[in-house]
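Accompanying notes for the structure given below.
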Amino acid sequence: MGKRVILVLAVIAVVSVAALGVAQAASAATITVGNNFLSPSSKTISAGTKLRFKWVGGFTHKIVKSKGPGGDIRSPETSARGVNLAKVLRKRGTYRFICVIHPTEMKTKVVVR
């Protein structure tokens with residue numbers, strides 16, 4: 001093999017390893033927002049994970065962080081299906097989320113390690 005081929009293969013290897021690291025850093029977790037539930041009711045994720053809240057029912061909800069590290073986290077008040085709230089959680093700790101419209105039925109705990 002010539003020096004150019006070896007150089008090209010080395011560059012491809014470095015780029016592949018870098019891309020793998022980016023893919024691993026972009027992990028995500030999903031909380032399902034149903035008509036009167038958040039599922040799962042408890043979840044553990046790694047720091048740096050994007051937490052998504054995905055509406056699957058037809059009712060209106062507004063998800064807010066009621067306790068936990070960092071600043072305010074809240075969704076719009078909406079009944080639109082799909083992901084209506086997404087946030088990367090970088091600070092370790094226990095986060096509690098509720099629907100302010102249905103606070104007793106709809107709550108979840110997310111532990112960030």
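The values are calculated or read from the model by the stated rules, or taken from the named source; none is laboratory data. Fair warning: this is a prediction, and the values are worked out from it, not measured in the lab. Neighbour counts run over all protein chains shown; Cβ positions are idealised from the backbone, glycine included.
Within the stretch 70-88, is even one residue among the acidic types (Asp, Glu), in contact with a Lys or Arg (Cβ under 7 Å, 6 or more places away or on another chain) and in contact (Cβ under 8 Å) with a residue 24 or more places away in the chain?
yes
Take the stretch 62-90 and flag every residue that is over 18 Å from Phe37 (Cα atoms), of a type in the set (Lys, Arg) and surrounded by 12 or more Cβ atoms within 10 Å (Cβ to Cβ).
Correct list: Lys87 only.
Report yes if Gly21 is at pLDDT below 95 and more than 27 Å from Ile98 (Cα to Cα), otherwise no.
Yes, satisfied.
Residue by residue through the stretch 91-113, note down the ones that are surrounded by 17 or more Cβ atoms within 10 Å (Cβ to Cβ) and of a type outside the set (A, V, I, L, M, F, W, C).
The answer is Tyr95, His102, Lys107, Thr108.
List pairs: first residue in the stretch 30-52 and surrounded by 13 or more Cβ atoms within 10 Å (Cβ to Cβ), second residue small (Gly, Ala, Ser) and at pLDDT below 95 anywhere in the structure, Cβ distance under 6 angstrom, at least six positions apart or on different chains.
That search, which allows pairs on different chains as well, returns Gly34/Gly57; Asn35/Gly57.
Given the criteria among the hydroxyl-bearing types (Ser, Thr, Tyr), assigned to a strand (DSSP E or B) and over 15 Å from Val111 (Cβ atoms), does Thr44 qualify?
No.
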